[in-house]
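K.L.:
Take a look at the following structure, please.
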Amino acid sequence: MRAPTLLLLLSAAGVSACVATPEQAAPTPPPLVKTVTLGGSPGMTLGLSGTVRARVESPLGFQVPGRIARRAVDAGQTVTAGQVLFELDQRDLQQMVRAAEADLAAAESALANANAELARQRKLLEQQFTSAQALEQVQLLQRQMQSQHAAASARLAQARNGLGYARLQAPAGGVLTEVSGETGQVVGAGQPVAMLAQAGEREVEVYFPENQTPPASGSAVLADGSTLALKLRETAGAVDPYSRTRRARYTVQQPAGSLLLGAVLRTRFSRPQAAAEGDFSVPLAAIDERGTGPRVWQIKQGRVQPVPISLLALDQHSARIRAPLSASDKVVALGTHLLIDNMAVRELGQ
């Protein structure tokens, strides 16, 4: 009975000797991180989306108010200069012409009477049957009738112009990118009922970040991989208050007949090396946007610390930043979402 008991005690002692105490457990090594040395900000290619637009885009509307009686076109239709697009109900405008014609006829009769009276008064004055004062009163009345006749003539011309404005015609050839007017709709003077993209030059409209100056030239990449040269024509004078971007229009330097209006293209713009101190180029994955703003994680003596940055430009693979760092500093290039302040790390390869 004593031999089995002794064997059991020896087995228990052996198991206890094999179990490591907490003080004896090996510490967990710091995680490995991929790093990149900042260096200077090299030249980079800025890639943005652009929209194909016509050089001249004209909102079309009637010059007089009224109710649309006929719509002769649809969106996407190609039109020629002078082609009728819409017509208003002309009944009220025709009545205005008739009223103006009647006013002019009355003014002509009054002027004829004033001229006849002036001639009679002059003969009477020559025969000394009237006074010079009476003649002056008739002359004043005759000039008044002349003014009323001129005003009636102007009103008639205006009424006839208004009748002509009841037909909305295309000012030039092109494509109607949008048609919003409908038959029976009452529209005001100048209210747009269609948008005409005039034939001719095509442009690419690009929106840049507010702190990015639109380059003077660039290129548009088509679906088949070919490119079209772009030249800056105009830049918006103010930043859009909602998107915080600046609009720029680029003229397509080569024949662009195959470009569809409204199509979205990829554009590329080369940026020279930044001259400002504190500008660097980093991989996109190095940007950490947790917290109150964008930042990168700098490594110092085996530990990381966040450094706030300003984003200057982005492309598909890299970002240009401005930060209080030097060219010899290292930042974490991947996995920044797992880091916390003062966390110990190991650089990959060490």
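The values are calculated or read from the model by the stated rules, or taken from the named source; none is laboratory data. Everything numeric in this text was worked out from a predicted model, so none of it was measured. Note that we place each Cβ from the backbone using ideal geometry, even for glycine, and neighbour counts take in every protein chain shown.
K.L.:
Take the range 300-350 and flag every residue that is among the β-branched types (V, I, T), under 16 Å from P283 (Cα atoms) and outside any loop (DSSP other than H, G, I, E, B). Give the steps one after another, and end with the answer.
P.N.:
Quick first cut of the range 300-350, residues among the β-branched types (V, I, T) only: 304, 307, 309, 321, 331-332, 336, 340, 345.
Checking the rest, the ones that are also under 16 Å from P283 (Cα atoms) come to 307, 309, 321, 331-332, 336.
Passing the criteria: V307, I321, V331, V332, T336.
K.L.:
Scan the range 264-279 for residues that are surrounded by 15 or more Cβ atoms within 10 Å (Cβ to Cβ) and modelled with pLDDT of 85 or more and jot them down. I'd like the intermediate steps shown before the answer.
P.N.:
Here is the first cut: in the range 264-279, the residues surrounded by 15 or more Cβ atoms within 10 Å (Cβ to Cβ) are 265-269, 271, 274, 278-279.
Passing the criteria: L265, R266, T267, R268, F269.
K.L.:
Name the residue, out of R167, R143, R155, that is basic (K, R), under 20 Å from Q83 (Cα atoms) and at pLDDT 90 or above.
P.N.:
Details: R143 fails: under 20 Å from Q83 (Cα atoms); R155 fails: under 20 Å from Q83 (Cα atoms).
Testing whether each residue is basic (K, R), under 20 Å from Q83 (Cα atoms) and at pLDDT 90 or above leaves just R167.
K.L.:
Name, by its number, the condition in (1) farther than 30 Å from V179 by Cβ; (2) modelled with pLDDT of 95 or more; (3) of a type in the set (K, R) that does not hold for R71.
P.N.:
(1)
K.L.:
Just to verify a result, which residue in the range 282-299, among those that are in a strand (DSSP E or B) and closer than 12 Å to K330 by Cα, is farthest from the chain's Cα centre (by Cα)? Give the steps one after another, and end with the answer.
P.N.:
Quick first cut of the range 282-299, residues in a strand (DSSP E or B) only: 282-283, 288, 295-299.
Imposing the further condition that a residue be closer than 12 Å to K330 by Cα reduces the set to 282, 296-299.
Details: V282: 29, V296: 32, W297: 35, Q298: 38, I299: 41 Å.
Taking the candidates together, the pick is I299.
K.L.:
Moving on. Output the number of residues of the range 317-333 satisfying the condition of being loosely packed, with under 14 Cβ neighbours inside 10 Å and more than 30 Å from the chain's Cα centre (by Cα).
P.N.:
The qualifying residues number 4.
K.L.:
Scan the range 233-247 and tell me whether some residue there is farther than 26 Å from V84 by Cβ, loosely packed, with under 13 Cβ neighbours inside 10 Å, small (G, A, S) and free of Cβ contacts under 8 Å to residues at least 24 places away in the same chain.
P.N.:
yes
K.L.:
Another question about this same structure. Taking the residues in the range 280-316 that are basic (K, R) and closer than 22 Å to P209 by Cα as candidates, determine which candidate is surrounded by the fewest Cβ atoms within 10 Å (Cβ to Cβ).
P.N.:
Taking the range 280-316 as the starting set, the residues that turn out to be basic (K, R) are 290, 295, 300, 303.
Filter once more, so that each one left must be closer than 22 Å to P209 by Cα: 290, 295.
Details: R290: 11, R295: 21.
Out of the qualifying residues, it is R290.
K.L.:
Okay, next question. Taking the conditions exactly as written (out of contact with any Leu (no Cβ under 7 Å at 6 or more places or on another chain) and either closer than 18 Å to L259 by Cα or surrounded by 20 or more Cβ atoms within 10 Å (Cβ to Cβ) (or both)), does A194 satisfy them or not? Don't jump to the end; show me each part of the working.
P.N.:
Details: out of contact with any Leu (no Cβ under 7 Å at 6 or more places or on another chain): no; either closer than 18 Å to L259 by Cα or surrounded by 20 or more Cβ atoms within 10 Å (Cβ to Cβ) (or both): yes.
So A194 fails the test.
K.L.:
Now, a different point. Listed residues L339, L260, L314, L348; which is of a type in the set (A, V, I, L, M), under 24 Å from T227 (Cβ atoms) and either modelled with pLDDT of 85 or more or in contact with a strand residue (DSSP E or B) (Cβ under 6 Å, 6 or more places away or on another chain) (or both)?
P.N.:
Values: L339 fails: under 24 Å from T227 (Cβ atoms); L314 fails: either modelled with pLDDT of 85 or more or in contact with a strand residue (DSSP E or B) (Cβ under 6 Å, 6 or more places away or on another chain) (or both); L348 fails: under 24 Å from T227 (Cβ atoms).
Within the list L339, L260, L314, L348, the selection yields L260.
K.L.:
Inside the range 71-116, can you point out the residues that are within 24 Å of G188 (Cα to Cα), assigned to a helix (DSSP H, G or I), in contact (Cβ under 8 Å) with a residue 12 or more places away in the chain and not β-branched (V, I, T)?
P.N.:
Of everything in the range 71-116, those that are within 24 Å of G188 (Cα to Cα), assigned to a helix (DSSP H, G or I), in contact (Cβ under 8 Å) with a residue 12 or more places away in the chain and not β-branched (V, I, T) turn out to be D92, L93, Q94, M96, A99, A100.
K.L.:
Among the residues of the range 13-64, which ones are modelled with pLDDT of 55 or more, surrounded by 15 or more Cβ atoms within 10 Å (Cβ to Cβ) and in a loop (DSSP other than H, G, I, E, B)?
P.N.:
Those that are modelled with pLDDT of 55 or more, surrounded by 15 or more Cβ atoms within 10 Å (Cβ to Cβ) and in a loop (DSSP other than H, G, I, E, B): L38, R55, V56, F62, V64.
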